[in-house]
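In what follows, a structure is listed as structure tokens, so that the remarks can point back to it.
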Amino acid sequence: MDSKRVRRVANLIQKGISEVIQRDIRDPRMRRLTITRVKLTADLKSARIFYSVLGDQKQRDQTQLAMERSSSYIRGRLAEKMVIRYLPKLTFMPDETLDYVDRIEHLLAQIKENGDGLTPP
């Protein structure tokens, strides 16, 4: 499969899901949700939808529950919007990139605080 086509379909899925969440879903737990990326298999049969949530761990857990409960609705609405022969199976996953970035920044701040990081404090 052409990787250009995979990227194009992934972008369409990302935009479509974002629109469905913004316009059609009224669940307040999903108000702070952002679709960060879509990873699509080469055969276009399966898509992992990564999302991030602003808030604490409790809000993230609640959003995860809301996403699990509304995934079939989102897929149905997306199928209506997209002109594609086969809509991939959607799997929603929290994007932990921001947590990773925060951890790296914290470690770098510790190194800066302790000196050059080459010698023990």
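The values are calculated or read from the model by the stated rules, or taken from the named source; none is laboratory data. Since we're looking at a predicted model, the values are computed, not measured. Reconstructed Cβ throughout: ideal geometry from the backbone, glycine too, with neighbour counts over all protein chains shown.
Please verify whether ILE35 is touching a helix residue (DSSP H, G or I) at 6+ places or on another chain (Cβ under 7 Å), hydrophobic (A, V, I, L, M, F, W, C), surrounded by 14 or more Cβ atoms within 10 Å (Cβ to Cβ) and outside any helix (DSSP H, G or I), treating the condition exactly as stated.
Yes.
Suppose we filter ILE74, ILE84 for residues that are out of contact with any Pro (no Cβ under 7 Å at 6 or more places or on another chain), of a type in the set (Val, Ile, Thr), closer than 20 Å to ARG37 by Cβ and in contact (Cβ under 8 Å) with a residue 60 or more places away in the chain; which single one remains?
Being out of contact with any Pro (no Cβ under 7 Å at 6 or more places or on another chain), of a type in the set (Val, Ile, Thr), closer than 20 Å to ARG37 by Cβ and in contact (Cβ under 8 Å) with a residue 60 or more places away in the chain holds for just one of ILE74, ILE84, which is ILE84.
Checking LEU108 against (1) without any contact (Cβ under 8 Å) to a residue 12 or more places away in the chain; (2) in contact with a strand residue (DSSP E or B) (Cβ under 6 Å, 6 or more places away or on another chain): exactly one of these is not met. Which one?
If we test LEU108 against (1) without any contact (Cβ under 8 Å) to a residue 12 or more places away in the chain; (2) in contact with a strand residue (DSSP E or B) (Cβ under 6 Å, 6 or more places away or on another chain), just (2) comes out false.
Return the total of residues in the stretch 45-58 being modelled with pLDDT under 90, out of contact with any Leu (no Cβ under 9 Å at 6 or more places or on another chain) and of a type outside the set (D, E, K, R).
Adding up the residues that qualify gives 2.
When the residues of the stretch 38-81 are filtered to those that are outside any helix (DSSP H, G or I) and aromatic (Phe, Trp, Tyr), which remaining residue is farthest from ALA10 (Cα to Cα)?
Among residues in the stretch 38-81 that are outside any helix (DSSP H, G or I) and aromatic (Phe, Trp, Tyr), the one farthest from ALA10 (Cα to Cα) is TYR51.
So which of ARG85, ARG29 is within 27 Å of ARG7 (Cα to Cα) and at pLDDT below 90?
ARG85
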